[in-house]
1. Starting from the amide H of residue 163, placed 1.01 Å from N in the peptide plane, find each other amide H under 5 Å away whose residue is 5 or more places distant or on another chain.
2. Using the Karplus curve 6.51 cos²θ - 1.76 cosθ + 1.60 with θ = phi - 60°, what ³J(HN,Hα) values do you get for each residue of region 73-88, in whole Hz, with x for Gly and Pro?
3. Given points 7 Å out from each Cα along the Cα-Cβ axis, report the residue 231 to residue 100 separation in nanometres with one decimal.
4. Suppose each label sits 7 Å from its Cα in the direction of the beta carbon; what would the residue 184-residue 39 distance come out to in nanometres?
5. Could you tell me the calculated FRET efficiency between residue 290 and residue 133, based on Cβ-Cβ distance and R0 = 41 angstrom, to the nearest 0.05?
6. At 222 nm, what helix-only mean residue ellipticity would the chain give, in deg cm²/dmol to the nearest 500, using -39500 (n - 2.57) for each DSSP H run of four or more?
7. With θ taken as phi - 60° and the coefficients 6.51, -1.76 and 1.60, list the Karplus ³J(HN,Hα) couplings across region 204-212 in order, rounded to whole Hz; mark glycine and proline as x.
8. With +1 on each Lys and Arg Cβ and -1 on each Asp and Glu Cβ, and nothing else charged, work out how big the dipole of region 3-300 is about its Cα centre, in Debye to the nearest 20.
Amino acid sequence: MRTIKLGTSSLEVPVVAVGCMRINSLDKPAAERFVQTALEEGANFFDHADIYGGGACEEIFAEAIHMTDDVREKIILQSKCGIRQGSFDFSKEHILASVDGSLKRLKTDYLDVLLLHRPDALVEPEEVAEAFDQLQSSGKVRHFGVSNQNPMQIQLLKKHVKQPIVANQLQLSITNATMISSGINVNMENDSAVNRDGSVLDFCRLHDITIQPWSPFQYGFFEGVFLGSDKFPELNQKIDEIAGKYSVTNTTIAIAWLLRHPAQMQPVTGTMNAERLKDCCKAADIRLTREEWYEIYRAAGNVLP
C-alpha cells in the first residue's frame, strides 16, 4: 500500500484508511476475516470513534484483530471523541474520559491519533489544550486532529493547543464536493460558488493538514450510495467506462478520484465487505489522468464556469 505522511507528523500512513463504524454489524468470524483482509492489503490504519456502536465497535475490533503488544506495533489506531447524546462536548473532563474508554475497549495503551469529532459550540480552547497536553505527556495519544471543522475553528484551537493538527476528517465524495466546486467557481453568481466551509480545502493544504474524506461513496447526508444508483446515470456510465479501461471496479475508481487530488488525501472507507475493501485498496495504484478526473466531476452534474 502506498503511504503518505499524516500532516506534519513523522507518521507514515496508508493512503486508504479503514473505517470501523459498522464493524458491529459483523459476527465474530466475519469481523476477523475483514480485519485480516485489511492487513493483507497493507491497510493497517483503522479509524474509530467512541460513539460507534455505543463503544461496541472498538471492542469488536480488538477481539477481531486479537490485540496483543505485537499486533499493536503493526497497526495505526485513530479514534474520535466529542459527540454525546444530544450534545457535543470538548471539555477537558470528557476528552480525557473518552480516551480512557477507547483505550480500554481497544485493549491498548495509546492511540496514534485522536480527533475531535464535531465542533462543540461551547468549546473552550484552553481546556482542549490542557487535555491534549495531559494525553501527550502520559503517552496515551501521540498525534491530534479534528473532524468536520472549518479554518477559523482550527485557528481558534491553535491559539492554545501547541500540538500540530495533523488531520481534518471531512465529508467528501464525487457527489459531495462543494469544497472543490467553490474553488472552481470563484467570482461566479451560481450555487456552486457559495463558500460553505471557509476554504477548508486550501487551508488544509496551506497548513499541511491531511484531509480524510468520510463517506466517499455517499450522496447527501447518508442518503445512499451513488455507485449503481439510478439517480446518477451519467456519473455511473462514466465511472464504469473508466473502470473498464483500468480493469478495476467502480469502487476503485471512486476512491482513485479522491486520491488523484493533489491535496494528498486519505479516504476513510466504510464498507464491511472484504472484497469491496480490496477494491478500495487497489485505488492506491491508480492515477487518473487530468481529463478523466474532470470527466467524472462533470458527469456528477457539476458544470465548469
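1. none
2. Values per residue, Gly and Pro as x: 5, 9, 10, 10, 10, 10, 9, 10, 9, x, 8, 10, 5, x, 7, 10 Hz.
3. My value for the distance between the label points is 4.3 nm.
4. 4.1
5. On the way: r = 44 Å, r/R0 = 1.08.
So, using R0 = 41 Å, E works out to roughly 0.40.
6. Details: 12 runs with 119 residues, N = 305.
Result for the chain: -11500 deg cm²/dmol, rounded to the nearest 500.
7. 5, 5, 4, 9, 6, 9, 6, 7, 10
8. On the way: 30 positive and 40 negative charges, 56 e Å.
Using Cβ point charges on Lys, Arg, Asp and Glu, region 3-300 gives about 260 debye.
The values are calculated or read from the model by the stated rules, or taken from the named source; none is laboratory data. Since the model is a prediction, treat every value here as computed from it, not as a measurement. Neighbour counts run over all protein chains shown; Cβ positions are idealised from the backbone, glycine included. Ligands, DNA and RNA are stripped out before the accessible areas are found, and what is left, the full protein with its side chains, is counted by its heavy atoms. Shrake-Rupley method; radii C 1.70, N 1.55, O 1.52, S 1.80 Å.
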